[in-house]
Structures are given as C-alpha cells and as structure tokens.
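The values are calculated or read from the model by the stated rules, or taken from the named source; none is laboratory data. Everything numeric here is computed off the predicted structure, so don't read it as measured data. Here the Cβ is made from the backbone with ideal geometry for all residues, glycine too, and neighbour counts use every protein chain on show. The protein model used for the area step is the full one, side chains on, heavy atoms only, and it has no ligands, DNA or RNA in it. Shrake-Rupley method; radii C 1.70, N 1.55, O 1.52, S 1.80 Å.
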Amino acid sequence: ALLMVNLGYEEVYEHWRHTKIGFSFGDLSLMLSLEHWINDFLMAIFFLLIGLEIKKEVLDGELSDMKRAAMPVIGAIGGMLVPAAVYVIFNTGTETANGWGIPMATDIAFTLGLMALLGTRVPLSLKIFISALAVADDLGAIIVIALFYGHGFHWEPFVGALAVIGFMLFLNKRKVYNISVYVALGLVLWFLIFQSGLHATLAGVITAILIPTRRSADLPLIASQTAIIFDREIQNI
C-alpha cells in the first residue's frame, strides 16, 4: 500500500481497497470490500492466533503467575482511560466532546509487526506482554464501540452467536480436542457476530478462549515420581 501510493498508483490502490468480494448462496449473501475483509476477517484470525499463544502462556508459561498476567490488562486499561480523560478535559462542552473514544485506540498490531521483523532480538517476555496487552486493548475497544458507538445492533444473529458459544463451551468441557471442529464453529461465530453489528474480531478472541489446551508435561517431576513408584515395587518384591 505504501509503495503504490508513493509511486503514483493511489487511484489503483483505492479501487482495490473498495473492491467488493464475497459469496451468495440462495438468500444468504455476504459481499464486503477488500478493506473490510482485512479489518474484520483477517484480524479475527490474527487475534485467534495471538489468543491461543496467550492462553498457552497463562496455563503454563510467562503469564501463569497472577501478578504477571494482570500487568498487561492494567496497562491496556490505563492506555485507554488516560487518553480518553485528556480528550474529555480539552473538549468538554464542544461539538467534538463525543469523540473521546478515538484516542483510546493504540494500534498495538503495528508494534507486534515491528517485533516480528526484529525476530529473536526482542525478548520473549516482551512479546508475550505486548500480545496480551493487544488482546485486552482490543476487547476494551469492542466493549466501548458496542456500548457507546454501535449502530444497527441485531438481536437474532447475536442470540445465534451465543448458542454457538454455548456449544463450543460444551465441547471444551467434554475435552474435544479436534481443532477442525472449533475452526468450523469459529467461522459460523464470526459470521453471526458480524451480522449482529459487533466487531467481528471478537470471534477470534472467543474461539481462542474456548479451544481446549493441554498443559505441558513436567518431565522432571514425572521422572522422579516414576522412580519412586518403581523403587517401591522393587522393595515389595
């Protein structure tokens, strides 16, 4: 995009950005611009992958400690509230006072992209912290948009989305580990959330939460326990 615009092909880029792509099947139709597919669908996949990585770290990694896990959430809340408060101070009583939600956006995805380019030069703990911060910040933005800036909320697909979430939770409790089942349900969830009027990236985060994961085996502990049991059996013999 940067190359095309700076080389004089901005009209071509704008045409591509607004090109409608989608599908129709009977009465069901979903035609979105390329920009919407990137913002709503690809970003949902992005947050699905990030969410899975964070869940792994929460269960058995850098964020398994409650204090460490709380820090990205606290950082995200502060990063949203402070800019909004500054905006309100300078815009109270003006026509633009309702725009307090605009400076709450942090665009952490750009930071993650830069860290990906730097590769191993960035400490793993920093990558995990920023990733968790990005998810918490995105969830906060979704809540703000839904409560204060939402337009055209539709109950029917929202209820359908809740039903899909309930079924995924049931599969999670039954320890169904088949990833293809959750991917298929996640696609249905994405469509229903999008149709409800909420931000569709929420589907990626919810799917990541509901995919069951196994803790890593503690090999030294298992080895020591096995040795103790073996030693007892030998003594019994």
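Residues in segment 76-118 that are closer than 28 Å to I45 by Cβ, among the polar types (S, T, N, Q) and touching a Gly at 6+ places or on another chain (Cβ under 9 Å): T106 alone. The residues in segment 1-38 that are under 20 Å from V188 (Cβ atoms) and either in a helix (DSSP H, G or I) or open to solvent by 100 Å² or more (accessible area, probe 1.4 Å) (or both) can be counted, and the count is 4. If only residues of segment 39-68 that are surrounded by 17 or more Cβ atoms within 10 Å (Cβ to Cβ) and of a type in the set (G, A, S) are counted, the one that is farthest from L202 (Cα to Cα) is G61. Looking across segment 70-79, the residues that are buried (at least 16 other Cβ atoms within 10 Å of the Cβ) and under 12 Å from I130 (Cα atoms) come down to P72, V73, G75, A76. If only residues of segment 86-98 that are assigned to a helix (DSSP H, G or I) and free of Cβ contacts under 8 Å to residues at least 12 places away in the same chain are counted, the one that is most open to solvent (accessible area, probe 1.4 Å) is F90. Among the residues of segment 192-237, the one identified as open to solvent by 40 Å² or more (accessible area, probe 1.4 Å), closer than 22 Å to G61 by Cα and at pLDDT 85 or above is I209. Is there a residue being in contact with a Lys or Arg (Cβ under 7 Å, 6 or more places away or on another chain) and more than 17 Å from L189 (Cα to Cα) anywhere in segment 44-59? Among the residues of segment 44-59, at least one is in contact with a Lys or Arg (Cβ under 7 Å, 6 or more places away or on another chain) and more than 17 Å from L189 (Cα to Cα), which makes the answer yes. Of all residues in segment 117-126, none are touching a residue at least 40 places away in the same chain (Cβ under 8 Å) and under 21 Å from A200 (Cα atoms). The conditions of being touching a residue at least 24 places away in the same chain (Cβ under 8 Å) and within 16 Å of the chain's Cα centre (by Cα) are met by V144.
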